[in-house]
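So the structure is just underneath, and the comments pick up after that.
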Amino acid sequence: MTLPPERDQLFISYSHVDRGWVERLQTMIRPLVRSEALRLWDDSQIPAGAKWKVEIEKALASAKVALLLVSDNFLASEFVTNKELPPLLRAAEEEGLCILWVCLGPCFYEATPIHEYQAVLPPGEPLEALSPVQQKAALKTIAGAISDALRSEVAAAQVPPAPVSPAQVQT
C-alpha cells in the first residue's frame, strides 16, 4: 500500500485566458515561496513530453492550499469544472485542504460550489475593476491570505496534545 503524497504545495487553478494574473501573483508571492519553503504549482511547470493529465492529478493530490482565480472563463472551462474542482473540493471537505478564491471579473460564481467558501477579496470588487495600484494591493492581500493559511495549518500541526489530568485517566 502506498502512502498518499504529502500536501505541501500551493496549487493555482485558473483559465489559460487569465494567465497574466498567475504571473503577476507569482511575482507578488515570490518572497513567500522563498521564506516559507512553499512549493508553488501551476500547469506551466509541466515538462515537455510529460503526460499533462497525470501531472495535474499529482499536483492536485499534493495541494495544501488551492488558489482559484475565478472568472467567466474559469467557470466556463469543462476541464476546471470536471477535473480540477471536484478533487480540490473533496480534499477540502475530507483532508483539510484550504480553498482560497479570488474573483477576477464579473462572473456567475454563485451558481457553483465555490460560493460556499469565503473569498479572499470581496467578489463584488473584482481585480479587473481595480486601478493598477489597487490591483497590487489586492495581490499583496492574496499573498497574506496564502501565508495565513499555511501558518494556521503549521500551527495546528505543532500544537501539543492537552495534558491529561489524573481524573481523565481510566484504569
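Coordinate-derived values only; no laboratory data. The shown structure was predicted, so the numbers you read here are calculated from the model rather than taken from an experiment. All Cβ positions, even for glycine, are placed from backbone atoms using ideal geometry, and neighbour counts span all protein chains on display.
Show me, for the stretch 138-146, the HN-Hα J-couplings you get by feeding each phi into the Karplus relation (A = 6.51, B = -1.76, C = 1.60, θ = phi - 60°), rounded to Hz, glycine and proline as x.
5, 4, 5, 4, 4, 4, x, 5, 5
How far is it, in nm, from the label point at Arg151 to the one at Glu128 when both lie 7 Å from their Cα along the line to the Cβ?
3.3 nm
What distance in nm lies between label points placed 7 Å from Cα along the C-beta direction at Val17 and Ala76?
Reported label-point gap for Val17 and Ala76 is 0.3 nm.
Would you kindly state how much longer the chain becomes between Arg24 and Lys136 on full extension, computed as 0.36 nm times their sequence separation minus their alpha carbon distance, in nm to one decimal?
Contour length minus the Cα-Cα distance gives 39.5 nm.
What distance in nm lies between label points placed 7 Å from Cα along the C-beta direction at Arg90 and Val33?
Reported label-point gap for Arg90 and Val33 is 2.8 nm.
Take every Cα pair under 8 Å in the stretch 76-136 that's 6+ residues apart, average their separations, divide by the length, and report that relative contact order as a whole percent.
In percent, rounded to a whole number, it is 28.
Tally Lys and Arg at +1 and Asp and Glu at -1 over the other residues with C-beta under 11 Å from the C-beta of Ile142: what net charge comes out?
Its environment carries a net charge of +2.
Give a residue-ordered list of calculated ³J(HN,Hα) values for the stretch 115-123 (Karplus: 6.51 cos²θ - 1.76 cosθ + 1.60, θ = phi - 60°; whole Hz; x for Gly, Pro).
5, 6, 9, 5, 6, 5, 10, x, x
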